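All remarks here apply to the structure that follows.
The values are calculated or read from the model by the stated rules, or taken from the named source; none is laboratory data. Note that the coordinates shown come from a computational prediction; the quantities given were computed from them, not determined experimentally. Note that we place each Cβ from the backbone using ideal geometry, even for glycine, and neighbour counts take in every protein chain shown. These area figures cover heavy atoms from the full protein model, side chains too; ligands, DNA and RNA do not enter into them. Shrake-Rupley method; radii C 1.70, N 1.55, O 1.52, S 1.80 Å.
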Amino acid sequence: MPRRKPAVLDLALLLPSWELALRSERKSAATVKVYGDGVRVFLRWCSEHGHSPALDRDLMKAFVADLLAAGAEATTARSRQLSMRRFSAWLEEEGEIDSDPLLGLKAPKLDAKVTESLSDDELRKLIKSCSGKDFRDRRDEAIVRLMAETGMRAGEVIGLVLDDVDLTRGLVTVRRGKGGKGRVAPFGAQTGLA
């Protein structure tokens, strides 16, 4: 006998199961948090505005519009909407809903922001600020040099273990970068010395 679906889904009740599914798919802790927070923000918004939480395109558009009107960055609004779209897709996969009502919902347009990289002079000053004989100073210089040369993210540097750094060959192995992807990156002699 097919499982009866409730007339109204309790999204808050289903959220922990989705977060468990995300963790079982080996999504990073940061990804699970961002997705979960997106759903929680939507649920809170619904409560504050007297809406029954539902997977409804017009409700989702109102949610995003209110986020933007309240001063949220477009990237934040997009992330919150993406969380809800992924949650909706998962609910369909699990058979909690017959079809995904948020499928194809357009995300807010993002402005193309240019993040300026440090100038050579700024990078020299940053490295100089790490000069010293203490372990902390030497460690910080090595981290700054490694990140500047390889483009590694902070989380990737934090995840390194001793065996990931080959000083002889000037190579660092990132075991699990963004999206779970690994890579090998070269670094120069000064970074190796640091």
Check: Quick one: is residue 177 at pLDDT below 90, exposed (fewer than 14 other Cβ atoms within 10 Å of the Cβ) and of a type outside the set (Val, Ile, Thr)?
Finding: no
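Considering only the stretch 149-189, how many residues are among the hydrophobic types (A, V, I, L, M, F, W, C) and over 19 Å from residue 31 (Cβ atoms)?
Kept after step one, since they are among the hydrophobic types (A, V, I, L, M, F, W, C), are these residues of the stretch 149-189: 152, 154, 157-158, 160-162, 165, 167, 171-172, 174, 184-185, 187, 189.
When the remaining residues are screened for being over 19 Å from residue 31 (Cβ atoms), the result is 160-162, 165, 167, 171-172, 184-185, 187, 189.
Adding up the residues that qualify gives 11.
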Item checked: Hits in the stretch 180-193 - residues which are at pLDDT 85 or above and either surrounded by 14 or more Cβ atoms within 10 Å (Cβ to Cβ) or among the basic types (Lys, Arg) (or both) -> 183, 185, 187, 191, 192
Notebook entry, point to check: When the stretch 113-129 is examined, which residues are found to be under 30 Å from residue 74 (Cα atoms) and over 30 Å from the mean Cα position of the chain (by Cα)?
Noted result: none
Check: Looking at the stretch 130-143, is at least one residue on the phi > 0 side of the Ramachandran plot, at pLDDT below 90 and over 27 Å from the mean Cα position of the chain (by Cα)?
Finding: yes
Checklist line | Count of the stretch 108-152 residues which are among the basic types (Lys, Arg) and crowded, with 16+ Cβ neighbours inside 10 Å | finding: 1
Note to self: List the residue pairs whose Cβ atoms are under 8 Å apart, where the first residue sits in the stretch 63-82 and is at negative phi and touching a residue at least 40 places away in the same chain (Cβ under 8 Å), the second is of a type in the set (Val, Ile, Thr) and open to solvent by 60 Å² or more (accessible area, probe 1.4 Å), and the two are 6 or more positions apart or on different chains.
What the structure shows: 79/34
Check: Of the residues 167, 162, 103, which is modelled with pLDDT of 90 or more and either crowded, with 16+ Cβ neighbours inside 10 Å or touching a Ser or Thr at 6+ places or on another chain (Cβ under 8 Å) (or both)?
Finding: 103
